[in-house]
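Some notes on the structure that comes next.
Read the figures in this text as sums done on the coordinates, not as results from a lab. Everything numeric here is computed off the predicted structure, so don't read it as measured data. Here Cβ is always computed from backbone atoms with ideal geometry, including for glycine, and neighbour counts include all displayed protein chains.
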Amino acid sequence: MKHLLKMLDLSKEEIIDILNLADQLKYEQKHGIPHKHLQGKTLGMIFEKASTRTRVSFEAGMYQLGGYPLFLSSSELQIGRGEPVEDTARVLSRYIDGIMIRTYEQKEVENLAEFGNIPIINGLTDFAHPCQVLADLMTIREYKNRLEGLKVCYIGDGNNMANSLTVGCLKVGMDITLACPQGYEPDQQVLDFAAEFDGFSLVTSPQDAATGADVLITDVWASMGQEGESEKRREAFAGFQINDEICALAKSDAMVMHCLPAHREEEITAKVLEKHAAEIFDEAENRLHVQKAVMVKLMKG
């Protein structure tokens with residue numbers, strides 16, 4: 001494992017290793033046990049998309065590991081003025097020890113990895129959100145004490161979350177059913193991968209997807225950069241909401257998760273979100289721990 005670019009690149013063993021280390025680092029932090037694994041290391045963080053959880057969790061995590069987080073806004077870098085990403089990769093590789101990037105195109109992340117010689121971490125692209133899905137898997141395992149054999153239901157847009165969640169769940173032995181409106185399915189690359197697994201289903205009925213589920217997951221109807229489609233998407237996604245009726249179809253002890261930020265009364269009701277706030281905000285916290293594990297795996301040397 002040289003980089004974290006997308007869930008498709010990880011083996012089941014690599015995923016479990018990351019989760020195990022994240023559990024250990026979380027335990028150590030809660031008990032005040034120092035873990036300065038990245039003393040003297042610097043992580044450059046390139047943001048072409050705004051962020052709350054990604055920025056704060058990576059900055060705090062790098063600090064807790066003994067390293068230095070360097071915030072790099074694309075508007076302040078030459079990359080924002082047209083410098084090719086391959087040149088940026090080669091220059092930054094001579095200054096710092098790793099790069100986390102939150103951007104639009106997956107190709108930009110892949111190019112950083114190809115032309116640089118330091119670890120690259122995908123903090124989010126329009127195609128993939130691997131850090132979030134690793135945190136989701138960590139949270140599910142905390143609550144359910146296992147992953148294999150569980151049934152996950154995802155209701156909403158076939159976006160970066162749906163792409164990464166589908167791959168991550170199937171790789172660790174979980175079943176997953178996606179309920180997406182017609183025309184909003186996941187990326188074809190992900191569908192081709194998922195077609196090899198009996199535990200995958202893609203449906204247009206949230207009710208069918210939720211029936212018997214151990215975990216219910218959703219995301220916003222319009223992601224960053226899609227604000228101009230908001231009204232069109234509200235119409236397309238009407239009914240694709242996690243609410244009391246959907247929860248009643250899942251198992252009685254089903255978890256509800258959301259990567260946040262949440263638009264209450266759109267993809268999830270305020271009532272359901274507050275009822276399941278414990279797991280949703282544990283999920284948000286676990287971004288910190290799982291990303292620290294990723295950084296240690298990639299940057300410790």
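Based on the alpha-carbon gyration tensor of the stretch 166-301 and its eigenvalue square roots a ≥ b ≥ c, which shape applies: rounded if a/c is under 1.5, prolate if not and a/b is larger than b/c, or oblate?
Numbers: a/c = 1.33, a/b = 1.23, b/c = 1.09.
Here the stretch 166-301 falls in the rounded category.
Where in the stretch 214-257 is the amide nitrogen less than 18 Å from a point lying 7 Å along the Cα-to-Cβ axis of residue 205?
214, 238-243, 245-251
May I ask you to order 31-43, 177-189 by the average number of other C-beta atoms within 10 Å around their residues, highest value first? Can you show the working numbers first?
Values: 31-43: 14.4, 177-189: 17.8.
In decreasing order of mean packing, 31-43, 177-189 become 177-189, 31-43.
When only alpha-carbon atoms are used, what values of Rg and Dmax, in angstrom, describe the stretch 13-163?
Considering the stretch 13-163 through its Cα atoms, Rg and Dmax are 16.6, 48 Å.
What are the ³J(HN,Hα) couplings of the stretch 174-181, residue after residue, when phi is run through the Karplus curve with 6.51, -1.76, 1.60 and θ = phi - 60°? Round to Hz, x for glycine and proline.
For the stretch 174-181, the Karplus curve yields 9, 8, 9, 10, 9, 10, 10, x Hz.
If you line up the long axis of helix 106-115 against the longest principal axis of the chain, both from Cα atoms, how many degrees apart are they, to the nearest 10?
30
Over the chain, what relative contact order in percent results from Cα pairs under 8 Å that are six or more residues apart? Could the numbers behind the result be given before it?
Working: 579 pairs, mean separation 62.7, N = 301.
Relative contact order, the chain: 21 percent.
What shape does the stretch 241-281 have by the C-alpha gyration tensor, where a ≥ b ≥ c are the square roots of the eigenvalues, rounded means a/c under 1.5, and otherwise prolate means a/b greater than b/c and oblate the rest?
Values: a/c = 2.03, a/b = 1.26, b/c = 1.61.
In terms of gyration-tensor shape, oblate.
Multiply the residue separation of residue 191 and residue 70 by 0.36 nm, subtract the distance between their alpha-carbon atoms, and state the gained length in nm to one decimal.
Working: separation 121, 0.36 × 121 = 43.56 nm, distance 3.64 nm.
39.9 nm is the gain from fully extending residue 191 to residue 70.
Given 107/144; 12/107; 232/297; 171/292, which pairs have Cα atoms separated by over 31 Å?
Details: 107/144 36 Å; 12/107 24 Å; 232/297 42 Å; 171/292 22 Å.
Those over the limit are 107/144; 232/297.
Give the shape of the stretch 102-258 as rounded, prolate or oblate, defined through the alpha-carbon gyration tensor: a ≥ b ≥ c are the square roots of its eigenvalues, a/c under 1.5 means rounded, and otherwise the shape is prolate if a/b is larger than b/c and oblate if not.
Values: a/c = 1.87, a/b = 1.27, b/c = 1.47.
It comes out oblate by the Cα gyration axes.
Would you mind computing, in nm to one decimal, how far apart the modelled labels at residue 60 and residue 229 are, each placed 7 Å from Cα along Cα→Cβ?
Placing both labels 7 Å beyond Cα along the Cβ direction yields 3.2 nm.
With a 10 Å radius around each residue's Cβ, average the other Cβ atoms per peptide and rank 199-205, 284-290, 92-98, 144-150, highest first.
On the way: 199-205: 16.0, 284-290: 23.1, 92-98: 17.7, 144-150: 13.7.
Result, highest mean first: 284-290, 92-98, 199-205, 144-150.
Could you name the lysines in cross-link range of residue 271, using Cα to Cα under 20 Å and dropping any fewer than eight places away on the same chain?
Residue 271 reaches 251.
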